[in-house]
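See structure below.
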Amino acid sequence: MEDEINIIRDNIKEFSSKNLDEKDIESKGIDNDLIEKLSSQGIINSNVSSKYGGLELDKKASMAIIEEVSKYSPSVALYAYISGIYIKSIENSEIEDISADIASGKKTAAVSFSNKNDGDKIYDVFFIKGNDALAVINNDLFYVSGTYEVRESLGFRGIKFGDLKVETKKKIGNSESFIKALKYMDPELCAMSIGLMYGSMEKAFEYSKIRKLFNTKIKDFGPVAYTISDIMSKLDIIKYYLYGNGRIDFAKNFISSIIIDVTRAAVNIHGGYGFFTDFGIEKYYRDSVTLKSLGFMNIKRELSDSIYGEKSGFI
Amino acid sequence: MFEEYDDFRKKVKEFALENFTDDNIRKYDKDEIYPEELRKKGINSAIDMTNPIKIVIGIEELCRVDAGLGISVTTPYFGNEVINLFGNDAQKKILSDVMSGKKILGLGVTEPSGGSDVAGIKTTAVKSGNKYIINGSKIFITNGSIADYILVLARTSNESKRHLGLSVFLVDTKSKGFSASKLHGKLGVRATDTAELKFNNLEVDESMLVGEEGMGFYYIMIFFDISRVYVAAQALGIAEGAFDAMMKYVKSNNIKDENTMFEIAKLYTRIQAAKLLTYNATMNLVNSVTKPEDTSAAKAYAGETAVYAAEKALEVTGLSGYKYNLDIVFRNAKIMEIWEGTTDVENLIIARTLLKGD
């Protein structure tokens, strides 16, 4: 199984290095051509049922794919994650057939990540194009359509972000199906986070080997080398939780504790250059804080409930 | 501390709230344009360069509302202390135009190959008659493409010790051989002007040599010991602004869980510590006390506090943070750990100064 996953990783790495230029994706977005490629490579349909044209890959394979993609393009990885949530959320609902179009790339997924809604407005939607989304409104799950008001996103700029002024809405289930979908995609969320952290650290690692200050390669300075080594060792522990013993809650908690520090360290190691888009490192920092807001807000509660085996830490 | 300046603080705050509107903050950040009209408005109202306390309070209150705009309107004087301390009468005449707001000054130290390694600069200034010929380049220079004058650190001789043989020149940016390319795509403080400078056989009269030849490294180090206090004030303002936004969110959403309470307490305490360090370093300036360890401690701690505050505020507000411009605050804060010496450099200064004192 490990060999198969390694082959998948190699294939995705090769595809990503050739097709996923995050700087380009952040400025132009994810176009139709790329979405079709993501489908044909199994990036947005790896864990989708074959009846919808998915690959039905093992969960670990699906995680490995999203992890490798995230090293190159966190925006594409996030889109794969959103697609997974979308498809899982509408399972057994009256709009279940849309899954096939999402998996094939004919239609794009859009999801609201907040429970906030204000009259006819749905907030905090990540989308690629179109005029519809999935949103939880007052404990029910709705398929809504309307007009988007796009906002500038702090992270994942390859994906559009904004609020949707709702014109029509159809109830397709309850909030539980959306929450279950989020839970189902937690391993992919963690894998995406690990990929994002590795992506930033690998750049810092390579940079530290060539950048010289005071006539010395910066990798030879303790604070630089030890920071990178320390982070690399921590990432390996998270991978063990994720791929080894399957403690997703432990992985999630660990990620939540270090993800911003990791990407921040990667920027620091690049010095002044790290502050500029051209060097392709600051995006990981922006993405990490956005990702934390998206999927990790309740991890402390989730973990303590799991450790105590009952509701805890709610005061 | 500094209660006697409360009226001035209030005046600056009012200026910032009136002029750094959400629309302006977003516009200048998005378009990456320097807010020249706001700079002019700030002269004689929010900007008072007459003493370090007023400079620190001004920077703090402006950056509390928005660091991109706050830094933009307070940096046109950047480097003035070098001329003030070491310059001749002709240079001080130029400086008077800078201090009155008629001209803009910049300081060119960092080079593409150098970063924190000030002694390793490669730009040269070769004496030829009564002129110096400057060749080389500088990068990440604040005010680089809008400045009327730039103070340039260049190598005037090769000495066995690298920090020797450096000199500072006051260069008119209209001079032949000077070119500046504005750099785009910064993570934050995008309203500020940042440029790459090139000097191609640029001739500068020897009267524009600041102080003594070969003393440039020392002048710049003394300058950094002053300017880092002002960066600490920028960082302090950013941290306070993030805290303000977080409190507004927590109050308006009636959040009362203990975890959030603890985050508020920790952040408040940390900001107070950053404030004390910054104000202590400010008093060193007022009293002409040279203590680089205090300056670097203030800059490093306040810089990290700005980043910490922005991260925590976003953690508490989540995706709602944009409503309070916390996405911009987060992007602005990061530079506080980088410019005017990275946190690693500040730590080295603190440790080396303390060890030297034994």
Pair list, Cβ under 6 Å, 6 or more apart: the range A:211-238 residue in the same structural domain as A:Glu67 (by TED's automatic domain parsing), other residue surrounded by 13 or more Cβ atoms within 10 Å (Cβ to Cβ) and outside any helix (DSSP H, G or I): none
Residue count for the range B:101-155, restricted to those that are in a loop (DSSP other than H, G, I, E, B), away from chain A (no Cβ under 14 Å), in contact (Cβ under 8 Å) with a residue 60 or more places away in the chain and over 23 Å from B:Met49 (Cα atoms): 2
Test: A:Lys292 is within 11 Å of chain B (Cβ to nearest Cβ), under 19 Å from B:Lys312 (Cβ atoms) and open to solvent by 10 Å² or more (accessible area, probe 1.4 Å): yes
Test for A:Asp287: is it more than 9 Å from chain B (Cβ to nearest Cβ), within 19 Å of B:Val307 (Cβ to Cβ) and among the charged types (D, E, K, R): yes
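Look at B:Ala306 and say whether it is more than 14 Å from every other protein chain (Cβ to nearest Cβ) and modelled with pLDDT of 95 or more.
Working: more than 14 Å from every other protein chain (Cβ to nearest Cβ): no; modelled with pLDDT of 95 or more: yes.
Judged against the criteria, B:Ala306 is not a match.
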In the range B:312-326, the residues that are at the interface with chain A (Cβ under 8 Å from one of its Cβ atoms) and crowded, with 24+ Cβ neighbours inside 10 Å: B:Leu314, B:Gly321
Qualifying positions in the range B:15-30 - without any contact (Cβ under 8 Å) to a residue 24 or more places away in the chain, away from chain A (no Cβ under 12 Å) and either open to solvent by less than 70 Å² (accessible area, probe 1.4 Å) or closer than 16 Å to B:Asp193 by Cβ (or both): B:Thr21
Filter result (open to solvent by 10 Å² or more (accessible area, probe 1.4 Å) and small (Gly, Ala, Ser)) within the range A:108-132: A:Ser114, A:Gly119, A:Gly130
Qualifying residue in the range A:232-250 (condition: closer than 26 Å to A:Ala135 by Cβ and either assigned to a helix (DSSP H, G or I) or under 24 Å from the mean Cα position of the chain (by Cα) (or both)): yes
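Report whether or not A:Asn245 is open to solvent by 50 Å² or more (accessible area, probe 1.4 Å), of a type in the set (S, T, N, Q) and within 12 Å of chain B (Cβ to nearest Cβ). Outline the logic, then answer.
Values: open to solvent by 50 Å² or more (accessible area, probe 1.4 Å): yes; of a type in the set (S, T, N, Q): yes; within 12 Å of chain B (Cβ to nearest Cβ): no.
The answer is no for A:Asn245.
Return yes when A:Tyr284 is in contact with a helix residue (DSSP H, G or I) (Cβ under 8 Å, 6 or more places away or on another chain), touching a residue at least 60 places away in the same chain (Cβ under 8 Å) and not aliphatic (A, V, I, L, M) and no when it is not. Full working, then the answer.
Details: in contact with a helix residue (DSSP H, G or I) (Cβ under 8 Å, 6 or more places away or on another chain): yes; touching a residue at least 60 places away in the same chain (Cβ under 8 Å): yes; not aliphatic (A, V, I, L, M): yes.
Answer is yes for this residue.
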So B:Phe224, is it under 12 Å from the mean Cα position of the chain (by Cα), outside the structural domain of B:Leu17 (by TED's automatic domain parsing) and open to solvent by 10 Å² or more (accessible area, probe 1.4 Å): yes
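If a residue counts only when it is closer than 25 Å to A:Phe279 by Cα, open to solvent by 70 Å² or more (accessible area, probe 1.4 Å) and among the aromatic types (Phe, Trp, Tyr), which helices (runs of 4 or more DSSP H) contained entirely in the range A:1-95 have at least 1 such residues?
On the way: elements: A:2-19, A:22-28, A:32-40, A:59-72, A:74-89.
So the answer is A:59-72.
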Long-range neighbours under 9 Å by Cβ, at least six apart or interchain, first residue more than 15 Å from B:Ile150 (Cα to Cα) and open to solvent by 50 Å² or more (accessible area, probe 1.4 Å) within the range B:191-220, second modelled with pLDDT under 95 and among the hydroxyl-bearing types (Ser, Thr, Tyr): B:Glu213/B:Ser157
Where B:Phe330 falls short, out of the listed (1) more than 10 Å from chain A (Cβ to nearest Cβ); (2) open to solvent by less than 40 Å² (accessible area, probe 1.4 Å): (1)
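The values are calculated or read from the model by the stated rules, or taken from the named source; none is laboratory data. Note that this is a predicted model, so its numbers are computed, not measured. Heads up, the Cβs are rebuilt from the backbone with ideal geometry, glycines too, and the neighbour counts pull from every protein chain shown. Surface accessibility is based on the protein's heavy atoms, side chains included, excluding ligands, DNA and RNA. Shrake-Rupley method; radii C 1.70, N 1.55, O 1.52, S 1.80 Å.
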